[in-house]
1. I'm checking my understanding of the structure. Among residues of region 1-14 that are crowded, with 24+ Cβ neighbours inside 10 Å and more than 11 Å from the ligand (Cβ to nearest atom), which one is nearest to SER91 (Cα to Cα)?
2. Take the residues in region 150-189 that are charged (D, E, K, R) and part of a helix (DSSP H, G or I); name whichever of them is nearest to the chain's Cα centre (by Cα).
3. Mind checking which residues of region 46-68 are free of Cβ contacts under 8 Å to residues at least 40 places away in the same chain and either of a type in the set (Ser, Thr, Tyr) or closer than 23 Å to THR124 by Cβ (or both)?
4. Which of the residues that make up region 231-247 are at pLDDT 95 or above and either within 14 Å of the ligand (Cβ to nearest atom) or in a helix (DSSP H, G or I) (or both)?
5. Pairs please, first residue from region 1-26 and farther than 11 Å from THR272 by Cα and without any contact (Cβ under 8 Å) to a residue 60 or more places away in the chain, second anywhere and of a type in the set (Gly, Ala, Ser) and outside any strand (DSSP E or B), Cβ atoms under 6 Å, 6+ apart in sequence or on different chains.
6. Go through ASP223, ASP208, ASP228 for me and flag whichever is within 20 Å of ARG136 (Cβ to Cβ), surrounded by fewer than 22 Cβ atoms within 10 Å (Cβ to Cβ), of a type in the set (D, E, K, R) and more than 12 Å from the ligand (Cβ to nearest atom).
7. So which residues in region 109-125 are more than 16 Å from HIS14 (Cα to Cα), crowded, with 17+ Cβ neighbours inside 10 Å and not hydroxyl-bearing (Ser, Thr, Tyr), if there are any at all?
8. Could you list, in sequence order, all residues of region 218-236 that are under 30 Å from ALA46 (Cβ atoms) and in contact (Cβ under 8 Å) with a residue 40 or more places away in the chain?
Amino acid sequence: MSWQSFPKIELHLHHEGAAPPDFIRRLAQEKSVNLSGVFAEDGSYAFRDFAHFLQVYEAATGVLKTPDDYARLTATVLERAAEHGVIYCESFLSPDFCGGRDLGAWREYLHAIQEAAAHAEAQTGVTLRGIVTCIRHFGPDKARETAICAAETAGDWIVGFGMGGDETRGRQGDFAWAFDCAREAGLKLTTHAGEFGGPDAVRQALDDLRVDRIGHGVRAIEDPALVDRLAGSGTVLEVCPRSNLALRLYPDMRAHPVERLRAAGVRVTVNTDDPPFFRTTMTREYEALERAFGWDEEVFTQIARTALEAAFCDDATRERLAKRLEAGLKAAT
Ligand SMILES: [Zn+2]
């Protein structure tokens, strides 16, 4: 079947990383920024390996410089999400890129993003919520400033706090102050762990940061005791299968551990991470999972329900979305 219109919930999406190449190209032209080397001949983003990916990502997303740029990006991201049946999406927003962690500037960016999201929701029906994200390789001191931005703007729109960036730098526990600050402000927590780091990184995330969800977490599969622990605690993994393939964690989808984790009782969700960079969409993720593992409507229904249960939004929003999700599932199956 075609998965495009099947109702979906996405929990792991980097706002800048969701910028389509034609959007970035147009913005670069408007600002007379030279982006040679960023695009392949077919117009997509071009990178050779993880180090080069980070360079290309930084160059491309570096053209996003003002609240208005982020407002336009938000509208584009939600239009694309709607095309793939997404009804609810949480995206990672970084005060590092939105105003250099200055609280006043961050509020301006956030205001522009929220306004654009409300307008786009009216047009597309996609609900967006934000997770403020610190950047691991910028270090714990900057993460504190980011956490303060998160705490000061926590509410029914900024619903979570997380950490992205280079997982091989430092330890999760180095960022405990930032995560404690966010938790005290009522935010739910997630962190990238068990993508480039092994099972120990997932353990650190659970023990030292006490997160509610894990970004990726797939390398937990290397430790059966940890898989049991995740299944027992019901911790939800934000799995991004095609991102893991694009960054060469696994040679192909059949080698990806998402099905083994699911079969072991771990609550998994399906997400796109930085979709245009990894030449993916939510529809392509679903198609690839069906091809590799024979996942069907029943499995994808469970995935969508799990994702909504694990969403960081308030309960009123969750109830409203649950009605939409169930109606959409009924229509699709
Ligand atoms: Zn990510």
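1. By that ranking, first place goes to GLU10.
2. The extreme case among them is ARG183.
3. THR66
4. Applying the first criterion (at pLDDT 95 or above) to region 231-247 yields 231-245.
If the condition is that a residue be at pLDDT 95 or above and either within 14 Å of the ligand (Cβ to nearest atom) or in a helix (DSSP H, G or I) (or both), then ALA231, GLY232, SER233, LEU237, GLU238, VAL239, CYS240, PRO241, ARG242, SER243, ASN244, LEU245 are the ones that fit.
5. ILE24/ALA60
6. Working: ASP223 fails: within 20 Å of ARG136 (Cβ to Cβ); ASP228 fails: within 20 Å of ARG136 (Cβ to Cβ).
One residue alone meets the criteria, ASP208.
7. ALA112, ALA116, ALA120 - these are the residues of region 109-125 that are more than 16 Å from HIS14 (Cα to Cα), crowded, with 17+ Cβ neighbours inside 10 Å and not hydroxyl-bearing (Ser, Thr, Tyr).
8. VAL218
The values are calculated or read from the model by the stated rules, or taken from the named source; none is laboratory data. If you're wondering where the values come from, they're calculated on a predicted model, not measured in any experiment. All Cβ positions, even for glycine, are placed from backbone atoms using ideal geometry, and neighbour counts span all protein chains on display.
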